[in-house]
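Reviewing the structure listed below.
Coordinate-derived values only; no laboratory data. Because the structure is a prediction, the values reported are computed rather than measured. Using ideal geometry, Cβ is built from the backbone for each residue, glycine included, and neighbour counts are taken over all protein chains shown.
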Amino acid sequence: MAALPVASDLARLARRLGRSTVAVLGPAGPVGSGVVWDAGGLVVTNAHVVRRPARVRDPEGRLLTARLVGWDPERDLAALVVGAPLVPAVIGDAETLRPGDLVIALGHPGGGEGALAMGVLHAGGRPGGGRFIQADIRLAPGNSGGPLADARGRVIGVNAMIANGLALAIASGAVGAFVAGLRRAAPVGA
């Protein structure tokens with residue numbers, strides 16, 4: 001039986017997002033996810049996910065040592081640099097989205113690799129909409145730090161937590177400002 005067009009589109013989207021999503025590892029395995037922000041090996045995740053020393057597993061299964069280059073517990077963001085080139089995510093603009101738009105989360109919940117969850121944007125994604133995007137999407141421990149993407153696969157946020165039954169993701173603009181601040185302070189990867 002042939003796959004429905006929507007199913008094959010979602011599978012293709014999951015593969016594309018998966019190429020830019022790493023598993024952030026703790027002593028017993030994956031504790032969260034991370035988004036490859038640039039080809040030089042910069043990975044953005046949540047501050048509550050990062051352990052020191054940090055290790056990640058890339059989409060090809062390689063175990064990589066990661067150096068912590070930025071950590072902001074108030075914004076719940078952390079930046080890691082790995083010593084290998086990675087495929088960067090396509091970053092989108094959360095402010096272009098509207099409530100009801102389809103969103104997709106990818107991560108490594110429960111130690112599983114590349115789990116996809118789908119839902120709709122609930123709030124955020126508007127100019128001045130705040131730091132968080134709220135989505136009616138099911139997240140689980142291990143999704144933290146992974147991408148929240150629009151229907152075209154552009155990363156519009158970094159998944160952070162569940163509150164009042166809604167997934168909260170840090171908007172791509174806030175993440176971009178965090179990364180820009182790191183680059184102004186010191187060359188990332190140096």
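Across segment 63-75, computed HN-Hα scalar couplings (Karplus, 6.51 cos²θ - 1.76 cosθ + 1.60, θ = phi - 60°) run 8, 10, 7, 10, 9, 6, 10, x, 8, 10, x, 5, 8 Hz from first to last residue, x flagging Gly and Pro.
Computed with the Debye formula from one identical point scatterer per Cα of segment 94-176, without solvent, the log10 of I(q)/I(0) at q = 0.27 Å⁻¹ comes to -1.38. Summarising the amide proton neighbourhood of residue 71: residues at separation of 5 or more, or on other chains, whose placed amide H is nearer than 5 Å comprise 79. Each peptide in 140-146, 74-80 gets a packing score, the mean of other Cβ atoms within 10 Å over its residues, and the list from highest to lowest is 140-146, 74-80. The Rg/Rh ratio for segment 5-89, using Cα coordinates for both the radius of gyration and the Kirkwood hydrodynamic radius, is 1.01. The radius of gyration of the Cα set in the chain, together with its Dmax, comes out at 15.3, 55 angstrom. The length gained by stretching the chain between residue 123 and residue 140 to full extension, at 0.36 nm per residue less their Cα-Cα distance, is 4.1 nm.
Given the Cα-Cα distance of residue 15 and residue 87 and 0.36 nm per residue of separation, how much length would full extension add, in nm? Contour length minus the Cα-Cα distance gives 24.7 nm. Relative to the current alpha-carbon distance between residue 7 and residue 186, full extension at 0.36 nm per residue lengthens the span by 60.1 nm.
Normalised by 2.2 N^0.38 Å, where N is the number of residues, the C-alpha radius of gyration of segment 47-154 stands at 1.13.
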